[in-house]
Amino acid sequence: MKYVIASTSKVDVDKCRAALVGIAGVEYRVGNVPDTWLGCDAAVVWWPLAHEQYGGIPKSGVAQVLFSSLEGDAPEVILATPPGPGGTSGVGPTDPEIEDYTFTSLDESIREYLRLFPGCRDKATILIHLEVAGINRRDMKAPLRGIERFLRVRR
């Protein structure tokens, strides 16, 4: 599986590129989702945004695969991150909580994608747009540790 890590912030993309150097199968892009999703089969989207735009009913702790009917705005397959308990964001304020949230939200989203599309394991390209996936922070150190952990897990 390949990943496109994107952001509207060139500074954040550069931080990702530096922190994730040496990890194969990752491409970096700068821009909004419509500017960065070309060639991607699916996009990870933070659950409130995903369900508001693409439907479905959020379920605490459960990542969901949704489908976009909006041409040109996003890939057809939308990977809604799992909501926290009681429909909360699911992320605490500390660095370890942010790191774990980042890892878990990406991991659960991709596992759900692979459950529904097992034949795509080796050929899919997934967009992880930092702002849209809900994992961008002013200080990117903790999210980057979570992203690195996620990218190093063999699925």
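Every number in this text was worked out from the coordinates using simple rules, so none of it is lab data. Here the structure is a predicted model, which is why all the values come from computation and not from measurement. Every residue, glycine as well, gets a Cβ built from its backbone with ideal geometry; the counts of neighbours run over all protein chains shown.
A few points about this structure:
- A Cβ-based charge dipole, computed about the Cα centre of the chain with Lys and Arg at +1 and Asp and Glu at -1, lands at about 500 debye.
- Across region 2-152, the mean sequence separation of Cα contacts (distance under 8 Å, 6 or more residues apart), normalised by length, yields a relative contact order of 31 percent.
- DSSP beta bridges in region 2-152 [antiparallel fraction, %, rounded to 5]: 25 percent
- Over region 88-130, equivalent-ellipsoid semi-axes from the Cα gyration tensor in Å: 25, 10, 8
- Shape box of the chain [Cα atoms, principal axes, largest first, Å]: 35, 34, 28
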